[in-house]
Amino acid sequence: MKPNIGIPDKDRDAINQGLQSLLADTYFLYLKTHNYHWNVTGPLFNTLHLMFMTQYTELWNALDLVAERIRSLGYPAPGTYKAFAKLTSLKEEDGVPKAEDMLKNLVEGHEAVIRTARGILPAAESGGDEVTTDLLTQRLEIHEKTAWMLRSMLE
């Protein structure tokens, strides 16, 4: 049964498409961050190992929020690597980068997620979807703060 929640179908469709991309970006960033947690080396090992754990845990929890919002709008949430690979704007790299490159890659990843989230706001606002707007605002705050903290480690 199609939801009748006061959001026009065209806006609901656009919001869904955006949230699916946000879910894929978040999953790819989660996986990258967890990989870096496992494989970081060097003088900042302990600092980065713990920081990456905090970050991937937050991303893991965010996945459920985004997927459940997609479901609330009446759509199936993508949940396969194949689907995520088609939807994400993030790039994978081969091998294990040096710690400084991990930080740079994560900054780029968080900034990509920020751009994806911002891109959904017009449809959410057009459709009067305050719930999605609130979710996006919360995600933007977290990703912007995380990107700032990562950039600060590079200075």
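What to note about this one:
- TRP38 loosely packed, with under 14 Cβ neighbours inside 10 Å and part of a helix (DSSP H, G or I): yes
- Boolean, LEU50 is surrounded by fewer than 16 Cβ atoms within 10 Å (Cβ to Cβ) and part of a helix (DSSP H, G or I): yes
- Within region 57-90, the residues that satisfy the criterion of being touching a Pro at 6+ places or on another chain (Cβ under 9 Å) and either buried (at least 19 other Cβ atoms within 10 Å of the Cβ) or among the aliphatic types (A, V, I, L, M) (or both) are ALA67, ILE70, LEU73, PHE84, LEU87.
- Residues of region 13-30 that turn out to be more than 19 Å from PRO122 (Cβ to Cβ) and either small (Gly, Ala, Ser) or open to solvent by 70 Å² or more (accessible area, probe 1.4 Å) (or both), as a count: 1
- Which listed residue is farther than 15 Å from ARG12 by Cβ and free of Cβ contacts under 8 Å to residues at least 40 places away in the same chain, from GLU111, GLU130, GLU125: GLU111
- Among the residues of region 114-155, those identified as of a type outside the set (D, E, K, R) and open to solvent by 40 Å² or more (accessible area, probe 1.4 Å) are GLY119, PRO122, SER126, VAL131, THR137, GLN138, ILE142, TRP148, MET149, SER152, MET153, LEU154.
- Of the residues LYS10, LYS2, the single one that is open to solvent by 30 Å² or more (accessible area, probe 1.4 Å), more than 24 Å from ILE142 (Cα to Cα) and not in a loop (DSSP other than H, G, I, E, B) is LYS10.
- Flag: THR33 does not match the condition of being among the polar types (S, T, N, Q), within 30 Å of ILE5 (Cβ to Cβ) and at pLDDT 95 or above.
The values are calculated or read from the model by the stated rules, or taken from the named source; none is laboratory data. Note that the structure is a prediction, hence the values are computed from the model and not measured. No Cβ is skipped: glycine too gets one built from the backbone with ideal geometry, and neighbour counts run over all protein chains shown. In case anyone asks, the SASA skips ligands and DNA or RNA and just uses the protein heavy atoms, side chains included. Shrake-Rupley method; radii C 1.70, N 1.55, O 1.52, S 1.80 Å.
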